[in-house]
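Take a look at the structure below.
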Amino acid sequence: HRFRFLAGLKTREFTRATEDCVTLLSLRAGRLAVDLAPQAGGSIARFAVDGAGDVLRPATEEALASGIGRDTACYPLVPFSNRIADGRLAFEDEEVHLPPNWPGVRHPMHGDGWARAWRVESADAWSAGLVYEHDGREGWPFRYRARQCYRLDADRLVVRLSVENLESRRVPAGLGLHPFFVRDGDAELQCRVTGVWRTDPEVLPLDHMPVPPQWDFSCSRRVDGLRLDHCFDGWDGNAVVRWPDRGMHPALSATEAFRHLVIYSPDRRPFFCVEPVSHANGQVGRHPLEAGAMLAGEIAFTLSSS
């Protein structure tokens, strides 16, 4: 594959076995740099700060060449977040059946957007608009149009996400964003949530309970040593990631559409995830979207140093 960088970054190419070309959109503002991979799940390939390093884990050449966003820095969750148990989704008076879509997992995960190419609708040196239109033939059985609008300022990245129902009837629909934060040994997280779903060994929700002390992030605490893959609710829409040794802390903020937060902190991996989402795991069926209607919201990463 050849990887081509456009919109403000000097062109670079990585040659592989074929002559297919993967185009990365490069956004620059102040010290911030964001590379987008429309053809790899509409994902973020890299988000970095000049002089302070990566905010999100950078995608490898192999991840970009795969044409999917699973192993990139960040990818969209449309039209649902997390797992749907056995692909059986109850919605109003029907049951929707979904095929598995994730290697090694029998429960469909994270919708369609991460595994599809997105069309570039607009792009300049500091902003870009990406569109994915789903025809309902594979994966999610309902037609929808998803958009991502990226805007980079001198100190923040703003991502606007939307999903539009293209059916003539109401259907379930949700949104989310899946960023992979760099996991330095001193990485900390702070956020306010009130409830959490316990999960079974397949990470399916069992029951809801108040947040226990060991998962309380109301005061900034280290992520290292925590094993989490849980959905929290009662989120106020704000979170802060800190890297004390680097003197950098991005503040994550989300609008009203995102009031659930998935925190994923696996053992011995170089990342952790703080995912703003519109609905609890497996519960997108409780969130109908009327014919022709749109669900939309914004997520911002604001960078500051100390």
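Here is how the numbers come out for the structure above:
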read-out: Sum of side-chain charges, Glu188 neighbourhood, beta-carbon under 12 Å (Lys, Arg +1; Asp, Glu -1); value: +1
read-out: Alpha carbon centroid spacing (whole Å) that separates the range 280-306 from the range 47-118; value: 15 Å
read-out: Three principal axis lengths of the range 187-241 [C-alpha, angstrom, descending]; value: 27, 24, 17
read-out: Percent of C-alpha pairs per 10 Å bin, the range 33-191, short to long; value: 10, 38, 33, 16, 3, 0
read-out: Amide H contacts under 5 Å for Arg183, placed H, 5+ residues apart; value: Phe271, Phe272
read-out: Residue-normalised accessible area of the range 105-250, expressed per residue, 1.4 Å probe, Å²; value: 43 Å²
read-out: 222 nm mean residue ellipticity, helices alone, for the chain (DSSP H n ≥ 4; -39,500 (n - 2.57); rounded to 500); value: -500 deg cm²/dmol
read-out: For Met248, net neighbour charge (Lys/Arg +1, Asp/Glu -1) across residues whose Cβ lies under 12 Å away; value: -4
read-out: For Ala29, residues with placed amide H under 5 Å, excluding near neighbours; value: none
read-out: Asp229 paired with Thr255, simple spin-label distance in nm, labels 7 Å along Cα-to-beta-carbon; value: 3.2 nm
read-out: Whole-number Å³ per residue for the convex hull built on Cα positions in the range 162-221; value: 171 Å³
read-out: Long-range HN-HN contacts of Ala293 with modeled amide H, under 5 Å; value: Asn165
read-out: Sites Asp153 and Leu204, calculated FRET efficiency, Cβ-Cβ separation with R0 45 Å, nearest 0.05; value: 0.70
read-out: Global form of the range 190-306, assessed from the alpha-carbon gyration tensor, a/c cut-off 1.5; value: oblate
read-out: Rh by Kirkwood over Cα pairs, then Stokes-Einstein D for the range 106-209 at 0.692 mPa s and 37 °C, µm²/s; value: 192 µm²/s
read-out: Largest-first ellipsoid semi-axes for the chain, taking √(5λ) over the Cα gyration tensor eigenvalues, angstrom; value: 28, 26, 17
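The values are calculated or read from the model by the stated rules, or taken from the named source; none is laboratory data. Not measured: the values here are computed from a predicted model. Here the Cβ is made from the backbone with ideal geometry for all residues, glycine too, and neighbour counts use every protein chain on show. Calculation scope for accessible area: heavy atoms of the full protein, side chains included, ligands and nucleic acids excluded. Shrake-Rupley method; radii C 1.70, N 1.55, O 1.52, S 1.80 Å.
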